[in-house]
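What follows is one structure encoded as structure tokens, with my remarks underneath.
The values are calculated or read from the model by the stated rules, or taken from the named source; none is laboratory data. Owing to the predicted nature of the structure, the values given are computational and were not obtained by experimental measurement. As a convention, Cβ positions derive from the backbone with ideal geometry for all residues, glycine included, and neighbour counts pool all protein chains shown. To get the accessible areas, we keep the full protein, side chains included, count just its heavy atoms, and leave off ligands, DNA and RNA. Shrake-Rupley method; radii C 1.70, N 1.55, O 1.52, S 1.80 Å.
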Amino acid sequence: MATVLSVSGSPSASSRTNRLLRHLDRRLTAQGHEVIPLDVRTVPAEALLGADFKHPAIVEVTELFERADGIVVGTPVYKASYSGVLKALLDLLPQYALLGKTVLPLATGGSTAHVLAIDYALRPVLSSMGAAHIVQGWFTLDKDITVQEDGSLSVAPAATEALTQIVDQFSTALGRRPVLAAAG
């Protein structure tokens, strides 16, 4: 099927956002997609903050974006916007790094006051980067994501149902992705 780059824009290794993405990655893998997880927090800070386009880690991340047919972008919402670490990475990618890609934006946050962050903060950036199709995104409340003592993830039933539908729509959109002719 398709190659999916699953990008976690959380600066925390133990974040709900990161855990939710990896949970959803398993569904995409079960549907036959190759899923490549990318935790932006693992990209060296000196490369991100120094805007070092030639840093090997930035070159590698750029290649991952090029290789992917679809991109899942997950971020915690801070001050009504996506995370700074995600912003730093997106700023270092080529202007049209998402050209021809199907993109699924996801966000997590503590309050429904941030539910529009996907549409007003993240979606315009993804669109400006050339995404061919940005499927309906989803905002999940932190309270709906619980990490169990054994490290497993529990997602509230209503959120699970919505996320299942969103991920399945993304998967379907990947299957319908138009093949772009190579420039020649």
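Which numbered condition in (1) over 14 Å from the mean Cα position of the chain (by Cα); (2) at pLDDT below 95; (3) open to solvent by 60 Å² or more (accessible area, probe 1.4 Å) is the only one that Ser111 fails?
Of everything listed in (1) over 14 Å from the mean Cα position of the chain (by Cα); (2) at pLDDT below 95; (3) open to solvent by 60 Å² or more (accessible area, probe 1.4 Å), Ser111 misses just condition (3).
Does Asp69 meet the test of being of a type in the set (Asp, Glu), under 21 Å from Thr140 (Cα atoms) and modelled with pLDDT of 95 or more? Walk me through how you get there before you give the answer.
On the way: of a type in the set (Asp, Glu): yes; under 21 Å from Thr140 (Cα atoms): no; modelled with pLDDT of 95 or more: yes.
So Asp69 does not fit the description; no.
Residues of the range 132-151 being free of Cβ contacts under 8 Å to residues at least 40 places away in the same chain and open to solvent by less than 50 Å² (accessible area, probe 1.4 Å), which ones?
The answer is Ile134, Val135, Gly137, Leu141, Asp144, Gly151.
Quick one: Phe170 ticks every box in (1) outside any strand (DSSP E or B); (2) more than 26 Å from Lys87 (Cα to Cα); (3) open to solvent by less than 50 Å² (accessible area, probe 1.4 Å) except a single one, so which number is it?
(2)
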